[in-house]
Amino acid sequence: MLKTILSRVTQTIIVVFLLVTFVFFAVRAIPGNPFASDKATSPEEQAALEAYYGLDKPLVVQYFNYWKNVAQGDFGDSLAMKGRKVSTLISESFPVSLKLGLLSLFLGMGIGIPLGIIAALFHNKWQDYLAMVIAMAGICIVAFVLGPIFQLSISRPLTWLNVAGWNRTSDILLPAITLCFGVAAYLARLTRGGMLDVLSQDYIRTAKAKGVPTLQIITKHALRPALMPAVTFLGPAFAAIITGSFVVENIFLVPGMGQHFVLGVTSNDYNLVLGLVLFYGILMGIANLLSDLALIFMDPKLRNS
Amino acid sequence: MSTTVQVTHPKEVVAEKGSSLWADAFVRLKKNKLAMLGGIIVIIILLLCFVVAPILAATGMDANKQDLTNRFAGIGEKGILGTDQLGRDLFMRVLEGGQISLLVAILATCMTVTIGVIYGGIAGYVGGTLGSIMMRIVDGLLAMPFLIIVILFREIITGHVDLTAKFLIDDWGWNDNTVLRFANLIPLTIAIAGFGWLSMGRIVRSSAASLSKQEFVEAARSLGLSHRRILFRHIVPNMLGPVIIYATLTIPSFILYEATLSFIGLGIEPPNSSWGKLIQEGANYLETNMVVLAVPAIMFSLTLFAFNFLGDGLRDALDPKASKD
């Protein structure tokens, strides 16, 4: 177990390092500069701004300065939103993204896993086909199609639900429901695959032969190994939901991290983009580690090796 | 007499033997009703976007012609599906948007297949230290957040392509409309393909690695064939199955990426429009005019459905072992 944690941590450090290095030079290679959008600034003022933010130094020096500052816990100032620190922006938007991501993940698990189990139990019957068509719908009818549909069909008839915004507690519901369908779809397909694999094993046949009720076979014998592929998927999926929810944040006006990222790229806000990417990288590592640990907990074979 | 000679002609035998493997797969595919339906829908959509739309455009129906006196015309009132917020023909806009969406996805998939087959093929065939270093690189890139990298990559390429486009228009006197249309597609396509080939590379590597251990490769080597010839003439044709399956499943995911990026404003830009762009515009008129949103959204989802069912069906048909999930 310690070995798994160590190897995952090493991997995360390498990936985060490469990611930040790549993004550091990539954002600076994007044409334009962060101060160009300001109201008519003279070249002298631009130069002064660049000097203030240390952008006039050679790239390599900037690169090492960045790591030095990060090591001291300083992600720098936002270049586009003057007077705000990147760490403040992240600490404001991360809880929003986290709440949304967790809720949609749990909703997705609640829908997807039972759907996959039903599909596997009724393999090649109409229930199976129905479940798989629903799962395919979850993959194909994507967030920016679902979002407007939900706004129109759920929040308008129910007057107590806001169409968009992030002021009331109930505002989390619509974006979470929109996000959860994609997760549920993949989980359903993976759970079905895992379940079919397990159900063809000898020990399940033995259990059936002994006369164990079907429900008990599923809950006691089949479920744990069958969920392994789904759990492997959950780690990356969680990171993907948090990093990739630009669209849903855009539709429902959620003040999450995705908005900052899109704004940061379009306004050449180097520090903001880098800070977000660094944060995403670490988050991905943690999510993968959690799913590794869950796998170890679920599979005794992994535990002993 | 002469007919019997023709029947035993070696060419004939080779053709028969080659087709039977694929014919088997086609029989399996035909049994899968959903996949066949998906295939038919794919063909219809491709015909609509790449054959019907240019013909209609040639007869004078312009997707970008505005008619502000006829905004939000209903279905059948003007044009086939009415008009949008600027009085443009909705039917034509959806078809031309589909053209762009499909073009980006198909071009990016072709690039993905090319890069993936060459990279994965070399990694699998050569193997050893070089192969594992090549695969470590792929693993490292796969661990990066895809959309974020693609967005950054696209922004970088856009700057260079814009400069080239400006040069072509100003100095070489090219038609600015055509140049701008393509100048906008290229960065997105390259960015998506540039990071989209990784899974393809992995799939190709694993089949190339297992194929290169088989006897026919050894035979080819003992005949003194060059490595390049063995790889591209003997190994690559044998992994066509998984490559085709994965390419079919790659197209819908690329359509989706294109639409996602266009939806948040980092993809296709005017004068082009794509399904993602149309959906984004349509979402603004959600409460007053559903049709403007519904038409591109339905076309988009239908296309994804069709490609996914076709891809799943192809996988079941060509590779029955891997058809579990």
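The values are calculated or read from the model by the stated rules, or taken from the named source; none is laboratory data. Nothing here was measured: the structure is a model prediction, and the numbers come from that model. Counting neighbours? That spans all protein chains shown, and the Cβs are built from the backbone with ideal geometry, glycine included.
The table that follows gives values for the structure above.
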quantity: Among (1) part of a helix (DSSP H, G or I); (2) within 30 Å of A:Gly285 (Cα to Cα); (3) at the interface with chain A (Cβ under 10 Å from one of its Cβ atoms); (4) aliphatic (A, V, I, L, M) - the single one B:Leu163 does not satisfy; calculated: (2)
quantity: So A:Ile5, is it part of a helix (DSSP H, G or I), hydrophobic (A, V, I, L, M, F, W, C), away from chain B (no Cβ under 14 Å) and in contact with a Cys (Cβ under 8 Å, 6 or more places away or on another chain); calculated: no
quantity: Top-ranked residue in the stretch B:277-291 [being in a helix (DSSP H, G or I) and more than 15 Å from B:Phe263 (Cα to Cα); ranked as nearest to the other protein chains (Cβ to nearest Cβ)]; calculated: B:Met290
quantity: Every residue from the stretch B:255-276 that is buried (at least 21 other Cβ atoms within 10 Å of the Cβ) and not in a helix (DSSP H, G or I); calculated: B:Ile264, B:Leu266, B:Gly267, B:Ile268, B:Asn272, B:Ser273, B:Ser274
quantity: Identity of the residue in the stretch B:162-184, of a type in the set (Gly, Ala, Ser) and surrounded by 14 or more Cβ atoms within 10 Å (Cβ to Cβ), that ends up nearest to B:Asn64 (Cα to Cα); calculated: B:Ala183
quantity: Which numbered condition A:Ile217 misses (of (1) within 14 Å of another protein chain (Cβ to nearest Cβ); (2) within 29 Å of A:Gln127 (Cα to Cα)); calculated: (1)
quantity: Selected residue (only one of B:Ala247, B:Ala317 is touching a Leu at 6+ places or on another chain (Cβ under 6 Å) and either surrounded by fewer than 18 Cβ atoms within 10 Å (Cβ to Cβ) or more than 12 Å from chain A (Cβ to nearest Cβ) (or both)); calculated: B:Ala317
quantity: Meets criteria (in contact with a helix residue (DSSP H, G or I) (Cβ under 8 Å, 6 or more places away or on another chain), over 20 Å from B:Val117 (Cα atoms), in a helix (DSSP H, G or I) and of a type in the set (Ser, Thr, Tyr)) for B:Ser301; calculated: yes
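Conditions tested, residue by residue: (1) under 21 Å from B:Cys49 (Cβ atoms); (2) within 13 Å of another protein chain (Cβ to nearest Cβ); (3) at pLDDT 90 or above.
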{"position": "B:Ala105", "(1), (2), (3)": "yes, no, yes"}
{"position": "B:Ala108", "(1), (2), (3)": "yes, no, yes"}
{"position": "B:Phe146", "(1), (2), (3)": "no, yes, no"}
{"position": "B:Arg181", "(1), (2), (3)": "yes, no, no"}
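Yes/no matrix, rows are residues, columns are (1) charged (D, E, K, R); (2) in contact with a strand residue (DSSP E or B) (Cβ under 6 Å, 6 or more places away or on another chain); (3) within 14 Å of chain B (Cβ to nearest Cβ):
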| site | (1), (2), (3) |
| --- | --- |
| A:Arg28 | yes, no, yes |
| A:Pro34 | no, no, yes |
| A:Leu49 | no, no, no |
| A:Ala71 | no, no, no |
| A:Asp74 | yes, no, no |
| A:Ser78 | no, no, no |
